[in-house]
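The values are calculated or read from the model by the stated rules, or taken from the named source; none is laboratory data. Predicted model only: the values in this text are computed from it and were never measured. Methodologically, a virtual Cβ is constructed for each residue, glycine included, from the backbone with ideal geometry; neighbour enumeration extends over all protein chains shown.
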């Protein structure tokens, strides 16, 4: 297989034009996605693999709704720390109101939504992959919203009277 080289437009003459800067709300959203969105997506992929694997394995030992509770409970802990450290670059103690509480509220909402959906679907089928798919879709609904809420909260300026909670 031969590759033709276009001598009229050599590769070194190609320039990459940056995306135009936008302002306002759209600009903030675009900047957020460009700077942290890919890392957030990569953490989500790791979390999906871990959570879906646990859910699939645990369905052999317990009812799907309970397997979901255990799988989410286990996979959410590393997801929090990976998001906090890698996506938002946070180190040190977590801030209860701006980091821990919002993350776990979204996790609890996803757990509730996915558990109810799994419970309902389990009346019609016991196929493990269908149940896993229902769980994935349920969490997917909140995944995008969670990114923007956490992105906003994790980047709030911390003032003297707003220090991280003490243990």
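Things to note:
- Candidate set: the stretch 81-132, residues that are surrounded by fewer than 19 Cβ atoms within 10 Å (Cβ to Cβ) and under 18 Å from residue 45 (Cβ atoms); chosen: the one modelled with the lowest pLDDT: 88
- Index of the failed condition, residue 154 passing every other in (1) modelled with pLDDT of 90 or more; (2) farther than 16 Å from residue 49 by Cα: (1)
For (1) touching a residue at least 60 places away in the same chain (Cβ under 8 Å); (2) within 16 Å of residue 149 (Cα to Cα); (3) assigned to a helix (DSSP H, G or I), each residue gets a yes or a no:
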{"residue": "44", "(1), (2), (3)": "yes, yes, yes"}
{"residue": "70", "(1), (2), (3)": "no, no, yes"}
{"residue": "80", "(1), (2), (3)": "no, yes, yes"}
{"residue": "101", "(1), (2), (3)": "no, yes, yes"}
{"residue": "105", "(1), (2), (3)": "no, yes, yes"}
{"residue": "116", "(1), (2), (3)": "no, no, yes"}
{"residue": "120", "(1), (2), (3)": "no, no, yes"}
{"residue": "132", "(1), (2), (3)": "yes, no, yes"}
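- Screening 53, 94 for residues that are out of contact with any strand residue (DSSP E or B) (no Cβ under 7 Å at 6 or more places or on another chain) and part of a loop (DSSP other than H, G, I, E, B) leaves exactly one candidate, 94.
- Each residue in the stretch 31-76 was checked for being modelled with pLDDT under 85 and touching a helix residue (DSSP H, G or I) at 6+ places or on another chain (Cβ under 6 Å), and 4 pass.
- All positions within the stretch 56-65 that are loosely packed, with under 15 Cβ neighbours inside 10 Å and in a helix (DSSP H, G or I): 57
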